[in-house]
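J.: Submitted below is the structure of interest, expressed as structure tokens.
Just so you know, all these numbers are worked out from the coordinates, no wet-lab data involved. Remember, predicted model here, so these are calculated numbers, not experimental data. Virtual Cβ from ideal backbone geometry, glycine too; neighbours counted across all protein chains shown.
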Amino acid sequence: MLDLDHFKDINDKHGRPTGDMALRAVARCISSTVRTSDIVGRFGGEEFAVFLPEIQPDVLDMVAEKVRRCIESLHPGGMHVTASIGLAEGVIAGSPLAGLRALIDKADARLYRAKELGRNRVVGDVG
């Protein structure tokens, strides 16, 4: 799970069209960083979910950091954009919907931990 830091400030200071431009730039950045087999989607507002099937945990950390750095390098409309990222890994067993919900909840909790720790960072299993 990934959430843009202080996105409300972007919309308030620069207007929604600029905020929309930032969201599109972030979506392109994420998509260009992950594999074509991975799933990237806007989860709501300024939050994105990225599903990376069949990835090793050590690679997951590297990919997340690469995504974070890519977003940090963006300057849509002259704005500086950063993101907080929460990671969760596991196997979806039993009920697919319940398993997916559990992974999302775990990643979301880590995303909020990243924000508590100062934003613009990745928090995973150890974080």
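J.: How long is segment 2-123 along each principal axis, judged by its Cα atoms, biggest number first, in Å?
T.: 46, 25, 24
J.: All other residues with a Cβ under 9 Å from the Cβ of P57 taken together, and with Lys, Arg as +1 and Asp, Glu as -1, what is their net charge?
T.: Its environment carries a net charge of -4.
J.: Continuing with the same structure: What Rg and what Dmax come out for segment 62-125 when only alpha-carbon atoms are used, in angstroms?
T.: Gyration radius and largest Cα-Cα distance of segment 62-125: 13.9, 47 Å.
J.: Roughly how many debye, to the nearest 20, is the charge dipole of the chain about its Cα centre, given +1 on each Lys and Arg Cβ, -1 on each Asp and Glu Cβ, and no other charges?
T.: The dipole magnitude comes to about 280 debye.
J.: Which of the aspartates and glutamates could a cross-linker bridge to K8, judged by Cα under 20 Å and excluding same-chain residues fewer than eight apart?
T.: Reachable aspartates and glutamates: D20, E46, E47, E72, D108, E116.
J.: As a footprinting exposure proxy, order I39, I92 by other Cβ within 10 Å, with the fewest listed first.
T.: I39, I92
J.: Along the charge dipole of the chain, Cβ charges K/R +1 and D/E -1, which of A109, V50, V123 sits furthest on the positive end?
T.: The residue sitting most towards the positive pole is V50.
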